[in-house]
Amino acid sequence: MAKEDWAIRLIPLLTGKARSAYVAMDVVDAREYEHVKEAILAKYSINQETYRQQLRALEVLEDVYQKWVRPAGKTKQKIGEMIVLEQFLILNTDEADNICFYVDTIHRIGCVLNVYLQGESLESCAGQPGTQRKGYSSGRIFDIC
């Protein structure tokens with residue numbers, strides 16, 4: 001396809017801001033692909049500085065990726081699992097808080113039952129939320145909160 005036909009073929013595909021940039025153009029300029037391209041880029045405020053900023057952000061992202069993932073010696077599957085786990089943890093922060101609430105509630109109920117059944121003092125229930133607590137029914141340590 002000849003470069004002279006590029007603008008004519010592009011115009012029917014334009015929508016939104018790109019279409020409004022084209023409509024605002026001079027009729028003669030609208031036939032030239034380079035003029036149409038410049039008008040669309042200007043409408044979206046895309047210039048050399050935009051590309052520089054995107055490149056810089058990409059460089060920073062690459063650096064952070066290398067430091068976090070340390071991909072040397074890891075398979076694609078292992079890297080994918082790390083990313084999926086990270087997203088799961090981010091998306092489920094509220095659920096983790098709920099688990100800690102339930103663990104704390106279970107601990108308090110266990111303390112009250114021990115006080116009632118074994119005559120222990122309430123001082124045995126002095127564990128603060130967020131600390132390690134011994135579960136009375138199983139003897140396990142709840143240290144996830």
Could you give the length gained on full extension between Leu13 and Glu62, defined as 0.36 nm per residue of separation minus the Cα-Cα distance, in nm?
14.2 nm
Quantify, in whole percent, the carbon and sulfur part of the accessible surface of segment 1-62 (1.4 Å probe; protein heavy atoms only).
57 percent
Counting sequence-distant residues (5 or more places) and residues on other chains, those with an amide H built under 5 Å from that of Tyr44 are none
Which lysines, if any, have their Cα less than 28 Å from the Cα of Lys78, not counting same-chain residues under 8 positions apart?
Lys67
Reach of Lys43 by Cα under 25 Å, taken over lysines that are not fewer than 8 positions away in the same chain
Lys3, Lys17
How many nm separate the modelled label positions at Lys78 and Arg52, each set 7 Å beyond the Cα in the direction of the Cβ?
4.0 nm
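The values are calculated or read from the model by the stated rules, or taken from the named source; none is laboratory data. If you're wondering where the values come from, they're calculated on a predicted model, not measured in any experiment. Every residue, glycine as well, gets a Cβ built from its backbone with ideal geometry; the counts of neighbours run over all protein chains shown. To get the accessible areas, we keep the full protein, side chains included, count just its heavy atoms, and leave off ligands, DNA and RNA. Shrake-Rupley method; radii C 1.70, N 1.55, O 1.52, S 1.80 Å.
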